[in-house]
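Peer 1: My questions will all concern the structure given below.
Every number here is computed from the coordinates shown, using simple stated rules; none is lab data. Values in this document were obtained by computation on a predicted structure and should not be read as measured data. Reconstructed Cβ throughout: ideal geometry from the backbone, glycine too, with neighbour counts over all protein chains shown.
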Amino acid sequence: MTARGRLLSGLVATVIALAGFATVGAPTAAAASTGTLQYVALGDSYAAGIGAPPYVSSSDGCLQSNKGYPALLDPKGRIDLQANATCPGATTTYVRKNLPSELNEDTRLVTLTVGANDLGLLQVLAACTGAGTATQCQAAIQSALLLLPATCGDESELAKRLESLYAAVDAAAPNALIVVTGYPYLFELLPTDPDLAIKAQINAATTLLNCAIKSAVIHAQADGLNIVYVDVTAQFEGHGIGTLDDPFINGLSAGLPEAFHPNAAGYRAYAKAISAAIRDALHRQKQLA
């Protein structure tokens, strides 16, 4: 089958399955016998819900929270979370090597947040906002930048890793819509902040991280994958670390592992952005089908 034919075939299958998510009606043949959408969650601590305790330990020892976005996407009971394979510390390599058996031809929805750990982002934050020196901070930032594009639109090592991962997910679940998310800006940039320059650098690196993720998704789409990118920065705007009004991200004072991760409100913001992307994808796919 050609890439275009394969894409359209996957789109039709996903539209049929997603119909139960978007509208109230009878179950469809492509959906589960209960009329629900078969869903698998993949990714790192931002997908696992770290930052919004309490946590449970999965069968492979990964901490997860029921306040994370995988548990929040289904307020009406139409998405069946078959496997939550998210794990704090997960890299692109880890996710690719640990795809769950529940990810298969029956899967109709996959969410994926990953990429930050490839860069050692937590090490950057520890060096730049903890006890690290200015020299250690800059060294950590420069190390992370090696995997990122020089500017948005450029090729990067991280984008190549992500493209390989997306292809593996698609091969395992050829009928699924793959929803890939970016990351929010961690810091509100306040002019009076003595650490403004460092925080601006970290936010700028987040921009390049998101550019690499989006670029990989665009290349995957060109290869015929049924995949979309979700930018969450608008949902978090005005709610980063440093804001005095309704923060969505835990600061350093929260301690580990919560620091630099979304809180419960932040994960609700993630779920809102992802849900909107699913609805938009459904609308486009109906037009193509």
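Peer 1: Tell me, what HN-Hα J-couplings in whole Hz come from the Karplus equation 6.51 cos²θ - 1.76 cosθ + 1.60 at θ = phi - 60° for each residue of the stretch 218-227, using x for Gly and Pro?
Peer 2: Coupling constants for the stretch 218-227: 4, 5, 5, 4, 5, 7, x, 7, 8, 9 Hz.
Peer 1: Related question: Helix-derived [θ] at 222 nm for the chain: sum -39500 (n - 2.57) over DSSP H runs of at least 4, divide by residue count, nearest 500?
Peer 2: -13500 deg cm²/dmol
Peer 1: Between ALA197 and LYS97, what is the label-point separation in nm under the 7 Å Cα-to-beta-carbon projection?
Peer 2: In this crude label model, LYS97 to ALA197 measures out at 4.0 nm.
Peer 1: Could you give the length gained by full extension between LEU189 and ALA71, i.e. 0.36 nm per residue of separation minus their alpha carbon distance, to one decimal place?
Peer 2: 39.4 nm
Peer 1: Amide H of ILE79: which non-local residues (sequence gap of 5 or more, or other chain) have their own amide H closer than 5 Å, using H built in the peptide plane?
Peer 2: Counting only residues 5 or more places away or on other chains, the set is LEU37.
Peer 1: Ok, one more. At 7 Å along the Cα-to-beta-carbon direction for both ASP223 and GLU237, put a label point, then send me their distance in nm to one decimal.
Peer 2: The two pseudo-label positions are separated by 3.2 nm.
Peer 1: A further question follows. Rounded to the nearest 10 degrees, what's the angle between the helix 134-145 long axis and the longest principal axis of the chain, both from Cα atoms, 0 to 90?
Peer 2: Here the helix axis deviates by roughly 20 degrees.
Peer 1: Of LEU109, LEU99, LEU37, which has the largest mean-square fluctuation in a 10 Å C-alpha GNM of the chain?
Peer 2: LEU99
Peer 1: Same structure again: May I ask for the distance between the Cα centers of the stretch 171-206 and the stretch 225-279, given as a whole number of Å?
Peer 2: Spelled out, the Cα-based centre of one part sits 9 Å from the other.
Peer 1: While we're on this one: Would you list which lysines come within 17 Å of LYS97, measuring only between C-alpha atoms, while excluding same-chain residues fewer than 8 positions from it?
Peer 2: LYS160
Peer 1: A further question on this structure: Could you give the distance between the Cα centres of the stretch 120-140 and the stretch 84-117, to the whole Å?
Peer 2: Between the Cα centre of the stretch 120-140 and that of the stretch 84-117, the gap is 28 Å.
Peer 1: A follow-up question, please. Per 0.36 nm of contour for each residue apart, how much would the distance between ALA264 and SER164 grow if the chain were fully extended, relative to their Cα-Cα spacing?
Peer 2: Stretched out fully, the ALA264 to SER164 stretch lengthens by 32.9 nm.
Peer 1: Students often get this wrong: which residues of the stretch 173-213 have the backbone nitrogen under 14 Å from the point 7 angstrom along Cα-to-C-beta of LEU244?
Peer 2: Counting backbone N atoms under 14 Å from the label point, the list is 190-193.
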